[in-house]
Structure formats: C-alpha cells, structure tokens
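Undergrad: Got a structure for you, questions after.
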C-alpha cells in the first residue's frame, strides 16, 4: 500500500511539473478581452490604483490569446470546442476519452496566474494536470482580471455564460482587491451567491476555490481574508446542491506550510502574489483535492437538483 501511495504521489508530481512546461493548446487561456467574442485582440488588464498594491504591477501573465466563443454549426471551430455541434465530444454521455469539458474561470490576478509566466498560474497548472491524469480534456476560458473584485463582472458574467456555455464555472476570487477597495462583506457574499446561482441556472457545475495564501494572508489582511474565505464557503454550502463543489485551498495551503514548518516567503513574488513555486504548490494541493472529489470522467450536471432555496437576481441590479 505504501509503495502504491508513493507511486501515485510521484506520478502526480511528474504531471504537475510537466504542466508547468507543456500546456496543450486546448487549455491555453483565453484573454479577458472586453471586445466582441471571437475577435482577436489584446488582453485587457486593468490594475488597481494602489501603487503599494502588487495588483498595480503592469506585467500580466503571458498566457492568453483570443477568446474562445461557442461556434455555430458549420463554422470553423478555431482552437476551442463547439458546444453547439452535434458531435460527441461535448455530450455528457460521450466516451470519456473523447470528452472535452469547458471551464470558465472568474477571479483576479492570482487566478489569472500573475508571476508564473511559464506555468500560467495555479489554475492552469491544475487543469493541465487533470487533462494529463484523466481521460478528460479541460478547455479553459480565463476571464480572471488583475485588480478586479467581485462587482467588476456584474455586467458581463451572464453574457459569458451564454456565449461560452461552460460545463464548469470556477469561481476563484482572491479577496485582497475587495478588501483593499472596502467592499462590504454583505455585498461580497451577495455577488458570490449570484454568480453561483447564475452558473446553476445555465446548467454549469460550480467550483468555488478559495485563493492560495500570500504574505498579506499572514500580515495586513490576516483576520479579514480568513473571514472572507470562510464567508464565501458558507455561501456555497447554503445551496445544498450537488452541483456546487468547494475546494478550500486557502486553509489547505496554510495547514501544509504549518505541518512542514515552512515559511510563506520562498513561495512569494511579492506581498500579494505567489511566485512559480507558490503556484506549483497550490496546484499540487488543488489537484489532490479535485481527484478526491471529482469522478475521473469529470462531474456531470445533475438536472434534477434544486438550484438553490430561492432564486435571486443580481443584487446590484436593484
């Protein structure tokens, strides 16, 4: 048994290392382009105005090309998958080895993969590793944008859901931008609730991923970020929905560092952002959690599940 566990961990470590060097085209990030979906353009990065905030750094990750829209039947499908086509690759009951699962990522700079230009960040490393370890290809559409908080996507989020039709929505806010911008906890929770609700209404599985820890997690925002992460977990849990998965990476990473008597400093590029080593550790922990909760052929949306106790509109719309 010990030999088997060592082999599994060794294989996982190999896949994670490989994911930092080789990222298949099918999981290359799509730029957070504010223009018409499908039109090639430069990625739009809006940084925080705080000159002391690491999110104001104007050097975004190198990952990201044109967005990956849903193509109409008969149109060339570019580098992405065609969710409207009658092919079997996107069908939930397609053969596992042929399935492509489209993932929409929302979040800010850490989710975007800042300071990990080769690996693309912990989320891209994670989905690259899952594509290598399972028969599923995870096709990532990255709409995370540095310097932005939960309120920033209220006018675009539903359009993304309708345009890209993801099978999975990965909600991965870091919380630091919202804490710096003094977003009230109530507003933060309302927006996360609305984002989960809309994903479910569009028949997408939800992955709520708490952020990797940073130096600020132990200093400036030690209590506030911990409370914010716990609060968003409670929001996700309140749905009591099998289509909503919670991955508490924040606490897992803290526990790992404590158990191994390691400091956060070697994992950090600056006070807010992990370096490549920090992203790699976060990905390793997240992949392990995902493999324990997701079926090897990826979860399929359960249509007979209630989306939530009661449907709520975007609180900002009122």
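The values are calculated or read from the model by the stated rules, or taken from the named source; none is laboratory data. Since this is a predicted model, take the numbers as computed values, not measurements. Cβ coordinates were reconstructed from backbone atoms using ideal geometry, including for glycine residues, and neighbour counts include every protein chain displayed.
Undergrad: If you take the residues of region 287-314 that are touching a helix residue (DSSP H, G or I) at 6+ places or on another chain (Cβ under 8 Å), loosely packed, with under 15 Cβ neighbours inside 10 Å and modelled with pLDDT under 50, which of them is nearest to residue 154 (Cα to Cα)?
TA: 313
Undergrad: While we're looking at this one, here's another question. Of all the residues that make up region 241-283, how many are farther than 25 Å from residue 119 by Cα, surrounded by fewer than 18 Cβ atoms within 10 Å (Cβ to Cβ) and touching a residue at least 40 places away in the same chain (Cβ under 8 Å)?
TA: Matching residues across region 241-283 total 1.
Undergrad: Ok, one more. Looking only at region 212-225, decide whether some residue is farther than 30 Å from residue 275 by Cβ and out of contact with any strand residue (DSSP E or B) (no Cβ under 8 Å at 6 or more places or on another chain).
TA: Taking every residue of region 212-225 in turn, none turns out to be farther than 30 Å from residue 275 by Cβ and out of contact with any strand residue (DSSP E or B) (no Cβ under 8 Å at 6 or more places or on another chain).
Undergrad: Given the criterion modelled with pLDDT of 90 or more and closer than 17 Å to residue 212 by Cβ, identify the matching residue among 108, 131.
TA: 108
Undergrad: When you look at residue 216, is it in contact (Cβ under 8 Å) with a residue 60 or more places away in the chain and either farther than 25 Å from residue 234 by Cα or buried (at least 24 other Cβ atoms within 10 Å of the Cβ) (or both), yes or no?
TA: The answer is no for residue 216.
Undergrad: OK, next. Might you check whether a residue that is under 18 Å from residue 301 (Cα atoms), over 15 Å from the mean Cα position of the chain (by Cα) and touching a residue at least 12 places away in the same chain (Cβ under 8 Å) occurs anywhere in region 153-162?
TA: yes
Undergrad: Picking from 100, 192, 110, 150, which residue would you name as being buried (at least 24 other Cβ atoms within 10 Å of the Cβ) and touching a strand residue (DSSP E or B) at 6+ places or on another chain (Cβ under 8 Å)?
TA: Of 100, 192, 110, 150, the one residue that is buried (at least 24 other Cβ atoms within 10 Å of the Cβ) and touching a strand residue (DSSP E or B) at 6+ places or on another chain (Cβ under 8 Å) is 110.
Undergrad: Go through region 257-294 and report how many residues are in a helix (DSSP H, G or I) and under 24 Å from residue 207 (Cβ atoms).
TA: Final tally of qualifying residues: 20.
Undergrad: May I ask you to list the residues in region 171-189 that are free of Cβ contacts under 8 Å to residues at least 40 places away in the same chain and either crowded, with 22+ Cβ neighbours inside 10 Å or assigned to a helix (DSSP H, G or I) (or both)?
TA: The one that is free of Cβ contacts under 8 Å to residues at least 40 places away in the same chain and either crowded, with 22+ Cβ neighbours inside 10 Å or assigned to a helix (DSSP H, G or I) (or both): 186.
Undergrad: Among the residues of region 153-163, are any touching a helix residue (DSSP H, G or I) at 6+ places or on another chain (Cβ under 9 Å), modelled with pLDDT under 95 and buried (at least 20 other Cβ atoms within 10 Å of the Cβ)?
TA: No, region 153-163 contains no residue that is touching a helix residue (DSSP H, G or I) at 6+ places or on another chain (Cβ under 9 Å), modelled with pLDDT under 95 and buried (at least 20 other Cβ atoms within 10 Å of the Cβ).
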